[in-house]
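Only one structure is covered here, and it is reproduced in the block below.
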Amino acid sequence: MQSPPRVPASPARSPSPASRLGWLDASRGLAALVVVFDHSSYTFMADFRRELMPQFNTSRYGIMVFFLVSGYIIPASLERRGCVRTFWIGRIFRVYPLWAAVVTALLALDLLGIAEIRDFGQQSVVTVAVAHATMLQELLGTPSLLLVLWTLSYEMSFYLLVVALFTVRLHGRSAAVAVVLAVLAAASVMAGVALPSSALSGLVGTGPLIVFASIAMGVAICCASAASPVLRVFGGVLGGVLALVLVPFNGTVPLWEDLVILAVMFLGTAVHRAENGQSTWRRAAGTAVTVVACAVGSAYWYGDGDHFTRRGWIVAFLLAVLTFGAGLLSRRRRIPRMLTGLGTISYSVYLLHPVPLAVIDSTIGRRRQDSPALEVAFFAVLLPLCLLTHRYVEAPSQAWGRRLARRVQPP
C-alpha cells in the first residue's frame, strides 16, 4: 500500500544538544512523584492530606505540568515526522502497551480477590471495554478503570486536535487556539454556563455515544493517515470535531476546566514554537499571560464547592506554570541524571502506582494515623517496579513502534 505523502511542516531550527529535552524529563518526573503522593496519601497520610488539599491541590499540580509538557512535545513530534500515519504509530506504541499491561494486571488481581475495580453500574462489559480501548472513556460517560486514566482521555483529544490542525495546515496557530480556549473558559464562568457531568451521554445514552465515537475515531485516524489529500483532511477534521464535541459537552470536570486543560496544552505548543523560532517570545509570553489570567479568574469566579477549593486549585495551577517556566529557563543547563531518569519512567510511575495501592486498600486497609515512613517505603518499592516495567514493557514497545514507523515512512 502506498505510503501517504508528507504534509509540509513549519521550518524549525535544529536544537543544540544543550537544549534537548532533559528539562522536560525532569518536569515530568517531578509531576509524576507529586501525583503518586496525591493518591498514596489517601492510604498513608489521610490527616495531612485533608489539611493540605484546600491550600495546594497536588493532583491538579501534577496533571497541569503533564499537560504543559505534552503540549510542548506532541505537536513537535508530528511536525518532525511530517506524516500523520507514523505519528499515530508512535503514539499507539508509546501509550497502549503499558496501559494494556497495567489494566490486565488490575483485572487479574480483581479476579484473585485482592484488589477491587470500580463499579460501572448498568454498563455492559462490551461498552466499557470499547470505551477504554479508545482511551476516551472519561469523555464517553464511562468511569475509568483506574482513576489516573481520566487524563489520557484529554491527551487523546489533544492528539485528535493536533492532527486536525496539521491536516488543514493551521498547526502554526497554536497561540491563537490557546487564547481562544482560555477566553471561552473565563466567559463560560462569568456567564454562569454550567453543564452536568457527562451531559451528552445523558442526552443520547452512553451506549450509543460510545458506538458512534469509537467508529468516528477509527475512521478519523484511518482517513487522516491515508494517501489521499482529501481523505487526510476529512479524517483530521472529523477527529478534531469529535474532540471539540466530547471535551466541553461530555467531560467530567466543570466546563471551564475542560477548556483550560486544552488551553494549557496549546500554551505548551506556543512555547515550543517560540523556542524553535517558529514564533516570537513576545507572542508566547502574551499567550501565557492570557491563559494564566483566564484560568485563575475562572477558578476564582467558580468559587468553592464540595470537592473543589479555589485556593488549592489556583496555587497548584500557578506552581505548575512556574515549574514549567523554571524548567524552560534551565533548558541549556545540565540536568541531574536522577531527575531525567525519573522523567524517563514517569509514564510507568503514573500508570502503575494505583495498582499496589488498590491491593493495599483491599487487603491491609488504609492507615488511621499518618505514617510518613510507610509513605516513603511505598515510593521505595514503587520506583524499582517502574524501572522494570519501563525496561521490559515501555522500551521494547517503543522500539517496535519505531521499526514499524520506518517501514511505512514515506520517502
Quiz prompt | LEU339 vs. criteria under 15 Å from SER27 (Cβ atoms) and without any contact (Cβ under 8 Å) to a residue 60 or more places away in the chain | solution = no
Quiz item: Any idea which of VAL241, VAL271 is over 27 Å from GLU138 (Cα atoms) and open to solvent by 10 Å² or more (accessible area, probe 1.4 Å)?
Solution: VAL271
Exercise. Tell me which residues, restricted to the stretch 379-390, are of a type outside the set (A, V, I, L, M, F, W, C) and more than 22 Å from the chain's Cα centre (by Cα).
Key: PRO384
Quiz item: What number goes with the only condition from (1) open to solvent by 20 Å² or more (accessible area, probe 1.4 Å); (2) closer than 17 Å to LEU255 by Cβ; (3) assigned to a helix (DSSP H, G or I); (4) touching a helix residue (DSSP H, G or I) at 6+ places or on another chain (Cβ under 8 Å) that ALA187 does not pass?
Solution: (4)
Quiz item: Is there a residue in the stretch 366-377 that is under 24 Å from the mean Cα position of the chain (by Cα), buried (at least 16 other Cβ atoms within 10 Å of the Cβ) and not in a loop (DSSP other than H, G, I, E, B)?
Solution: no
Quiz item: Regarding PHE266, is this residue open to solvent by less than 40 Å² (accessible area, probe 1.4 Å), in contact with a Ser or Thr (Cβ under 8 Å, 6 or more places away or on another chain) and farther than 23 Å from PHE308 by Cα?
Solution: yes
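A quick yes/no check of all residues on (1) of a type in the set (Asp, Glu); (2) more than 14 Å from TYR159 (Cα to Cα):
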{"residue": "VAL84", "(1), (2)": "no, no"}
{"residue": "ILE92", "(1), (2)": "no, no"}
{"residue": "ALA100", "(1), (2)": "no, yes"}
{"residue": "ASP119", "(1), (2)": "yes, yes"}
Quiz prompt | Some residue of the stretch 348-363 being open to solvent by 30 Å² or more (accessible area, probe 1.4 Å), without any contact (Cβ under 8 Å) to a residue 24 or more places away in the chain and in a helix (DSSP H, G or I) | solution = no
Self-check item: Selected residue [open to solvent by 20 Å² or more (accessible area, probe 1.4 Å) and among the small types (Gly, Ala, Ser)] from ALA32, ALA100
Solution: ALA100
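The values are calculated or read from the model by the stated rules, or taken from the named source; none is laboratory data. Bear in mind that the values here come from a model prediction, so they are computed numbers and not experimental data. Every residue, glycine as well, gets a Cβ built from its backbone with ideal geometry; the counts of neighbours run over all protein chains shown. Just so you know, the surface numbers come from the protein's heavy atoms only, side chains and all, with ligands and any DNA or RNA stripped out. Shrake-Rupley method; radii C 1.70, N 1.55, O 1.52, S 1.80 Å.
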